[in-house]
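Only one structure is covered here, and it is reproduced in the block below.
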Amino acid sequence: MAAEGQDLYESLKIKYPRSFSVAAAPGSAAAWRRALGTALALATVLALGASLAAVGALYARAERELRAARAAAAGASALPGCALDAASHGRLVQRLSIGWRYHDGKIYYFSSDRKSWQDAEDFCVSKQSHLTSVTSLEEQEYLAREAGKTFYWIGLTDLGTEGTWRWVDGTEYRQNMSFWAPQQPDNWDYGPLGREECAQIHPVGNGLWNDHNCNFTFAWICEKRLDVAGL
């Protein structure tokens, strides 16, 4: 009987559906794996290509900014009274390449961070500069244009001398060369926080000045003249 049973099952031929062929299943899995591998490889190549393109764009931008910085430094060096030795020229290029901006014999730093007025001035001093003063209509227009829609501290204050405004870098304050917004300064009282004793460029007034409480935090503008040592 065992032999007959063995012969019976050995001679039995099982017919599988076309969609579930024993021979076809391993082949389909292999094909699927090959397709998946190809897709993953293609996705990797595309991602790598996109990354390389992004890196290339950043490199090209950095190169453009560095060339512009060198050109600005060369222009500054040619100004009367602003001749720079090799070391100072190199430091100027470095500053310009990390965000400082050159304009008319001065360099400016427009922060992206926010600080109180005194902390902003301390930052500028740590960079051998001060919060910016404004000495001409042309400079005011430049700063207002660059400031855009952002509030920036400038180096004007009447701290300790109520009503007597002064530039923190020692520049003489002249009322006929001030650019206050209408009805400013108004010395608004914030109670325990104090009064408005520090000036800022105000975007609502297209860059005109507004007095504000010095303890509030805003972006700031540092300024350094190129004819001052310690660049």
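The values are calculated or read from the model by the stated rules, or taken from the named source; none is laboratory data. All figures in this text were calculated on a predicted structure; none of them were measured in a lab. Glycine gets a Cβ as well: all are built from the backbone with ideal geometry, and neighbour counts include every protein chain shown.
Considering segment 169-205 alone, what residues qualify as being in a loop (DSSP other than H, G, I, E, B) and touching a helix residue (DSSP H, G or I) at 6+ places or on another chain (Cβ under 6 Å)?
Within segment 169-205, Phe179, Ala181 qualify.
Could you grab me the full set of residues in segment 198-231 that are at pLDDT below 95 and of a type in the set (D, E, K, R)?
Within segment 198-231, Lys224, Arg225, Asp227 meet the criteria.
Within segment 144-164, is there a residue that is aromatic (Phe, Trp, Tyr), touching a Ser or Thr at 6+ places or on another chain (Cβ under 7 Å) and surrounded by 12 or more Cβ atoms within 10 Å (Cβ to Cβ)?
no
I need the full set of residues from segment 175-230 which are under 28 Å from the mean Cα position of the chain (by Cα) and over 21 Å from Thr135 (Cα atoms), in order please.
Within segment 175-230, Val204, Asn213, Cys214, Asn215, Phe216, Thr217, Phe218, Gly230 qualify.
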